[in-house]
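S.K.: Structure incoming, see below.
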Amino acid sequence: MNATIARDAGSHRWLITVSVMLATIMQALDTTIANVALPHMQGSMGTTQDQISWVLTSYIVASAICLPLTGFLAARFGRKRLFIWSIVGFTLASMLCGAAQSLEQIVAFRLLQGVFGASLVPLSQAVLLDTYPREQHGSAMAVWGMGVMVGPILGPSLGGWLTEYYDWRWVFYINLPFGLLAWFGLAAFLKETPTERERRFDLLGFALLALAIGAFQLMLDRGESQDWFGSREILLEAVIAGLCLYLFVVHVLTHDQPFIEPVMFRDRNLSIGLLFIFMIGIMLFATMTLLPPFMQNLMGYPVLDVGNLLAPRGLGTMLAMMLVGRLITRVDPRWMIGLGLLLTALSLWEMTLFTADVSAYDIVHTGVVQGFGLGLIFVPLSTLTFSTLAPRYRNDGTALYSLMRNVGSGIGISLVISYLAQRTQINHAVFTDFITPFSQALTQATESGAYDLSSAAGLLALDAEVTRQAAILAYLQDFRLMMFVTLASLPLLLLLRKPPTASATPDTHAVLD
């Protein structure tokens, strides 16, 4: 089937690619572009910080729940039809988000955004894999990876600029031109795939998986604000997630027509690739979550400067992906993944040496190195994961690939935020042990007039400085943790198989077909 699609799409390949990438960038941007606008939304709608956070939570949970549906819906109704309706629905939901007048409205419309946007990334990956012949899959994944990776990196910069010079509503309105162009291109040039009308929907399997993912995402998103397992809400969500996941696994292994066919996991590259992208997902957005508050709260950078200094990270990713697209047919992809992991670990190690006086050059330098390393990882890993998978499993495989990346990202973000708060408290307690009358540094500070320890204001100022130094060290410890996670992914390279040669026919290495 994929060979026929690739042959039919040959004359319109670049037009399809551009249309697919517009949809991918539109969805990828929306994962981070709204974050910087939250304070403005909060002021506009008169809500608390906890309430406005549901603007992000609703989108994340809805997207995570609907992601696994992609494979079934594409098989039942056709990939082109699902893709176009997803684009139309996502664009309309974006317009409604921009026009929302209350918290209830924008949360409801963000839910719709998540429902329609869930399928965009896995469908775009599956379309490109089928549009290009197997020997060009590396180049296709390089183009696809630019949208998936660069979109979230540039999102905060673009969101900050739109919010600063226009209005927070434009972070949603900007999706309109992307959506219209993507819809027109796919409607005109993309061929429809055969449908499987006889395929039955496993309602129980989907319900169990949806409950597990939804409860887990809620736990991750609200854990820090609710004191994690000290909260009954978080405990309940953890129990629901664990129980439903267990029941889902049992159901899949015992049902005649399960929601996800377990036979596809016999493909070793797919199974290892899913585990690998989960590990990469843990550290993918973790650094981008830590750097903006580090630069704003501890270094005093304004929002626009933060966005400008973080943007070169995306340029490093784009450069690496363009390079990989040319080299992937000549160099074993596993070597490129290994080099990318080492470069990412190196950049994180350099970030453990940051201080509150770190220069803009050091921030840009480490960002470019890290972006380059991630670019070397993402494209070869995507190529290897699907290099031996039968074409009939691509819709389900790409959906699971995006799901594992998103779950890993959610875990990584929650992990670094919780670890940051924990280490700040521990560091503060340790540092206060050095605040004694016998401390030479404290004596010099009081003699110079920096602190007046005889007044309440002076004691508060001293405590604020101790807290600041404790937070700086906590950020560095977070960077070190992400470095260890990156290095822990290296052994997985030994389990990935080398991709089939370009001379092989499309079905020669497509196992389980």
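S.K.: Which of the listed residues, 353, 376, 477, is farthest toward the dipole's positive end in the chain, when Lys, Arg count +1 and Asp, Glu count -1 at the beta-carbon?
M.R.: Value: 376.
S.K.: Can you list which of the trypsin sites (Lys or Arg not before Pro) found in segment 231-290 are DSSP loop residues with at most 14 other C-beta atoms within 10 Å?
M.R.: Within segment 231-290, no trypsin sites (Lys or Arg not before Pro) qualify (loop, at most 14 other Cβ atoms within 10 Å).
S.K.: What spacing in nm lies between the two simple spin-label points modelled at residue 494 and residue 460, each 7 Å away from Cα in the Cβ direction?
M.R.: Result: 5.8 nm between the two label points.
S.K.: What value, in deg cm²/dmol to 500, does the helix sum -39500 (n - 2.57) over DSSP H runs of n ≥ 4 give at 222 nm once divided by the residues of the chain?
M.R.: Value at 222 nm, helices only, nearest 500: -24500 deg cm²/dmol.
S.K.: Evaluate E = 1/(1 + (r/R0)^6) for residue 322 and residue 487, where r is the Cβ-Cβ distance and R0 equals 22 Å; express this FRET efficiency to the nearest 0.05.
M.R.: 0.25
S.K.: Report, in debye and to the nearest 20, how large the dipole of the chain comes out about its Cα centre when Lys and Arg carry +1 and Asp and Glu carry -1 on their Cβ.
M.R.: Roughly 1920 debye, rounded to the nearest 20.
S.K.: Given the options 54, 315, 106, identify the residue whose Cα lies farthest towards the positive end of the charge dipole of the chain (+1 on Cβ of Lys, Arg; -1 on Cβ of Asp, Glu).
M.R.: Ranked along the dipole, the leading option is 315.
S.K.: A further question on this structure: For the chain, with every protein chain kept in place, what is the accessible area per residue (1.4 Å probe, Å²)?
M.R.: Counting only protein heavy atoms, the per-residue value for the chain is 43 Å².
S.K.: About the Cα centre of segment 45-131, how large is the charge dipole given +1 on each Lys and Arg Cβ and -1 on each Asp and Glu Cβ? Please answer in debye to the nearest 20.
M.R.: 360
S.K.: Next up: To the nearest 20 debye, what is the magnitude of the charge dipole of segment 49-201 about its Cα centre, counting +1 on the Cβ of each Lys and Arg and -1 on the Cβ of each Asp and Glu?
M.R.: Dipole size: approximately 560 debye.
S.K.: While we're on this one: Quick one: with all protein chains in place, what share of the accessible area of the chain is carbon or sulfur, to the nearest percent (1.4 Å probe)?
M.R.: Its accessible area is 66 percent carbon and sulfur atoms.
S.K.: Another one. Quick check: from the Cα gyration tensor, does segment 130-267 come out rounded (a/c under 1.5), prolate or oblate?
M.R.: Oblate.
S.K.: Same structure, new question: In Å, the Kirkwood hydrodynamic radius of segment 78-132 over pairs of distinct alpha carbons?
M.R.: About 11.9 Å, per the Kirkwood formula over Cα pairs.
S.K.: Within 11 Å, Cβ to Cβ, of residue 255, how many net charges do the neighbouring residues add up to if Lys/Arg are +1 and Asp/Glu are -1?
M.R.: -2
S.K.: Please give me, ordered by residue number, the GluC sites (Glu not before Pro) of segment 205-261 that lie in loop per DSSP and have at most 14 other Cβ atoms within 10 Å.
M.R.: Counting only loop positions with at most 14 other Cβ atoms within 10 Å, none of the GluC sites (Glu not before Pro) in segment 205-261 qualifies.
S.K.: If a/c stays under 1.5 just call it rounded; otherwise compare a/b with b/c (prolate if a/b is bigger, oblate if not). Do that for segment 280-350, with a ≥ b ≥ c from the square roots of the Cα gyration tensor eigenvalues.
M.R.: Judged from the Cα gyration tensor, segment 280-350 comes out prolate (a/c at least 1.5, a/b above b/c).
S.K.: Okay, next question. Between residue 357 and residue 40, what is the FRET efficiency for a Förster distance of 30 Å, r being their Cβ-Cβ separation, to the nearest 0.05?
M.R.: 0.50
S.K.: Would you please state which residues of segment 191-220 a label at residue 253 would reach in this model, taking the label point 7 Å out along Cα→Cβ and a backbone N cut-off of under 18 Å?
M.R.: What the label zone holds, given the 18 Å backbone N cut-off, is 205-206, 208-209.
S.K.: Once you sort the root eigenvalues of the Cα gyration tensor of segment 328-424 as a ≥ b ≥ c, which label holds: rounded (a/c under 1.5), prolate (a/b larger than b/c) or oblate (the other case)?
M.R.: In terms of gyration-tensor shape, oblate.
S.K.: For a quick check of your reading of the filter: which trypsin sites (Lys or Arg not before Pro) in segment 318-383 sit in a DSSP loop and have no more than 14 other Cβ atoms within 10 Å?
M.R.: Answer in residue order: 330.
S.K.: Let me ask something additional. Relative to the longest principal axis of the chain, what angle (0 to 90°, nearest 10) does the C-alpha long axis of helix 54-66 take?
M.R.: So the helix axis and the longest Cα principal axis differ by about 30 degrees.
The values are calculated or read from the model by the stated rules, or taken from the named source; none is laboratory data. Just so we're clear, the structure is a prediction, and the values are computed from it rather than from any experiment. Please note: Cβ atoms are built from the backbone with ideal geometry, for glycine as well, and neighbour counts cover all protein chains shown. Remember, those area values only see protein heavy atoms, side chains included, never the ligands or the DNA or RNA. Shrake-Rupley method; radii C 1.70, N 1.55, O 1.52, S 1.80 Å.
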